[in-house]
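The values are calculated or read from the model by the stated rules, or taken from the named source; none is laboratory data. Remember, predicted model here, so these are calculated numbers, not experimental data. Cβ sites come from the backbone with ideal geometry, for glycine too, and all protein chains shown count toward neighbours. Heads up: the accessible areas ignore ligands, DNA and RNA and are worked out on the full protein's heavy atoms, side chains in. Shrake-Rupley method; radii C 1.70, N 1.55, O 1.52, S 1.80 Å.
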Amino acid sequence: MSDRCLSVAPLEIQQVTLQGRHIRLEPLTLNHLDGLCEIGLDPDLWRWIPAPVKSRDDLRDYIRLALQWQTDGTALPFATVDQSSGRVVGSTRYMNIDKPNRHVEIGATWIGRPWQRTVVNTEAKYLMLRHAFETLGCFRVELKTDALNQQSRNAILRIGASQEGIFRKHVVCADGRLRDSVYFSIIDSEWPEVKARLEEKLHQSG
């Protein structure tokens, strides 16, 4: 029988804190606004984001919109917190949640400059993928990025995701540019190999 003929229950999404060794992902709230403003108003962080954040008010609206999507059942946003200091270092989320078809996207990920190219992003992806596949029971996890963002594309491939295709003229950016988006995915049968790869990376990071 084809997988698409199977009768399956929809995803059940609830707020959760995901604890790692180096970071924790805790439910995003407006209480994180001050901490996010300290590290999140760097223009370079928003270079590839269709609607960049430029001010405290923008960041407040960014959080409020994420929380509205959470209420709507299409997103589950997190604040990324450094375990040792308790400092907020970024944000990420499950988004475009498709409950009937049991898949989610990991996206809207950004990390303050001092924590870029550290273990933070690797552990965040590991925690979210593990929760998606092993707790939520997802069949598929998607990731996407701007086609011009080669650094992000390479990072997603290093995780072990497969590039699926490019959605041409996918998003109208704030500056009027028509963005092409590159889509990647990891499916449940690939998760054990991806998990082992990420755990090895985390082990090498100390």
Scan around Thr80 for amide H atoms under 5 Å from its own, H built in the peptide plane at 1.01 Å from N, and keep only partners 5 or more places away or cross-chain.
Val89, Gly90, Ser91, Thr92
Residues meeting the amide H criterion for Val53 (H placed from the backbone, H to H distance under 5 Å, 5 or more places apart or on another chain) are none
Considering the chain as a Gaussian network with a 10 Å cut-off on Cα pairs, which listed residue, Pro77, Pro100, Pro50, attains the greatest mean-square fluctuation?
Pro100
Under 8 Å for C-alpha pairs, at least 6 residues apart: give me the relative contact order for segment 1-97, rounded to a whole percent.
29 percent
Based solely on its DSSP helices, what 222 nm [θ] is calculated for the chain when runs of n ≥ 4 H residues each add -39,500 (n - 2.57) and the sum is averaged over all residues, nearest 500 deg cm²/dmol?
-9000 deg cm²/dmol
Residues in segment 170-202 near a label at Ala51, defined as backbone nitrogen under 14 Å from the 7 Å Cα→Cβ point?
171-176
Just tell me, in residue order, which DSSP H segments of the chain are both 30 angstrom or longer along the helix axis (alpha-carbon based) and at least -1.0 in mean Kyte-Doolittle hydropathy.
none
Sorted list, accessible surface of protein heavy atoms, 1.4 Å probe, largest first, for Tyr94, Tyr183 is Tyr183, Tyr94
Please work out the ratio of the alpha-carbon Rg of segment 163-206 to 2.2 N^0.38 Å and round it to two decimals.
1.77
To the nearest µm²/s, what D does Stokes-Einstein give for segment 28-84 at 20 °C and 1.002 mPa s, using the Kirkwood radius over alpha carbon pairs as Rh?
178 µm²/s
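Report the calculated FRET efficiency for Phe167 and Glu12 (r = Cβ-Cβ distance, R0 = 25 Å), to the nearest 0.05. Don't skip to the end; give the middle numbers.
On the way: r = 29 Å, r/R0 = 1.15.
According to the calculation, E is roughly 0.30.
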Surface/4 estimate of mean projected area, convex hull on alpha-carbon atoms of the chain, nm²
11.8 nm²
Would you compute, for the Cα atoms of segment 89-206, the largest minus smallest coordinate along each principal axis and list the three values in descending order, in whole Å?
42, 39, 21
If you stretched the chain out fully between Cys37 and Asp58, how much longer would it get, using 0.36 nm times the residue separation minus the C-alpha to C-alpha distance?
6.6 nm
Which residues' amide hydrogens lie under 5 Å from the amide hydrogen of Val171, considering only partners 5 or more residues apart or on another chain, with H built in the peptide plane?
Arg179
